[in-house]
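The structure appears right after this line, and notes come after that.
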Amino acid sequence: MKNLSFICVLFLFLSCDNKTNGTNTISTKDNIEKTQLQSKVESPQNSSLKGTKILVKNKINVEVKPDKMALDISSKNSLVETTPKFSSLDNNSPNSEIMKEENTKAGDEKERLLIEKILIEKEMKQPESNKEVKQTIEQKIEMERKTPKKQEKTINLHVDFNNLLQRHVNNSGVVNYRTFKKDQDKLDAYLKVLEKTIIEKTWSRNKSLAFWINAYNANTIKLILKNYPIKSIMDLNNGKPWDVKWIKIDQRTLSLNNIENDIIRPNYSEPRIHFAVNCAAKSCPPLLNKAWTEGNLNSNLERQTKSFINNPIYNTITSSNVEVSKIFDWYRKDFGDLKSYLNKFSSSKIGKNTSVNFKTYDWNLNN
């Protein structure tokens, strides 16, 4: 009986020892696998991958288009976690560590390949892009250097005013204010265009001078239409309508005298403008029934001057008798030697000893 008890105790002791050895064997195996996994994770390759992850999470913003699909990695937390989660896996299971290692390995490998692809494509595409941009810029510079600059096309600002003059002013310069008043809104629209026009420094002399002549004449007509019917322009503003500042142009408020005496005369030194600007009186040089432009300025100034000086309604010039418009007296300074100036355009030459007299001015409307 004693021997039987001894054998049972011995058997139990051996059974416990075997279990202990089995547990130690499994633990040893697990430790070896953990050590291999740790060394694998901490290997240079995975260390580089870890650094790449940090770089991607914090600094890289790249767009990759493999097979027309785009990946945008732009913020700290935007990197997609590729490692599957095993929340339902029993951590105490003998196979749990192995399964985790295999899944982690697969996820890390997939992530590593994706990041490497991003970096490679970024490295390959960036220099090419810079090269293309540089080539494009160089090509544009070369084309601009070789291509002559085209002259800027400008719209004729005065086409509407030209149409109004053709409609309401005859070839002799007589203005039909009664019919013109019906188109007053069109004249106002033209004046609004002049008001908004910026007179550029790049404008030619002829272009800017034509602009100011048209501005003077159009605003004089506007003044008459606003007060029509009247007998004379001198009936307005106590006989001084040219001194009233009401014309908005060139970002200023001007009078007719400002345009003629402060802008045109001192800036252009052109005495022929006195036969271009019109004061709406019968003794004024006839109003040209077309708008002044950069192209027709000189030819029309010459034509208007000759026509006015040789018109007996305004001037009488012979070798022994000279009686001319008061304009030549008011602006004598502009004409210089008056006899020489008149002889330049007159068909009759004035004698050296002939005196020059001035006619009375008729201020009634030229209509």
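Worth a mention:
- Within the shell defined by Cβ-Cβ distances under 15 Å, the residues around residue 318 carry a net charge of +3, with Lys and Arg each +1 and Asp and Glu each -1.
- Taking amide H positions as modeled 1.01 Å from N, with prolines and chain starts lacking one, the residues under 5 Å from residue 358 and 5 or more places away or on another chain are 324.
- Shown for 326, 352, 181: other C-beta atoms within 10 Å of each C-beta, ranked fewest to most, produce the order 352, 326, 181.
- By the count of other C-beta atoms within 10 Å, a proxy for reagent exposure, 177, 314 are ordered fewest to most as 177, 314.
- For region 256-329, taking Cα atoms only, Rg and Dmax work out to 13.1, 39 Å respectively.
- Listed pairs 201/245; 192/240; 201/290; 240/326; 182/222; 207/326 exceeding 21 Å between Cα atoms: 201/245; 192/240; 201/290; 207/326
- Amide H contacts of residue 281 (H built 1.01 Å from N, under 5 Å, at least 5 apart or other chain): 366
- Normalised by 2.2 N^0.38 Å, with N the number of residues, the alpha-carbon radius of gyration of region 159-358 equals 1.04.
- Extension gain, residue 119 back to residue 156 (0.36 nm per residue minus Cα-Cα distance, nm): 7.4 nm
- For residue 248, distant residues with modelled amide H under 5 Å away: 254
- Rounded to the nearest Hz, the phi-derived 3J(HN,Hα) couplings of region 303-315 under the Karplus curve 6.51 cos²θ - 1.76 cosθ + 1.60 (θ = phi - 60°) are 5, 5, 5, 4, 5, 5, 5, 9, 8, x, 5, 9, 9, where x marks glycine and proline.
Readers should treat all values here as calculations from the given coordinates under stated rules, not as data from a laboratory. These numbers come from a predicted model, not from an experiment. Because the Cβ atoms are built from the backbone with ideal geometry, glycine has one as well, and the counts that use them run over all protein chains shown.
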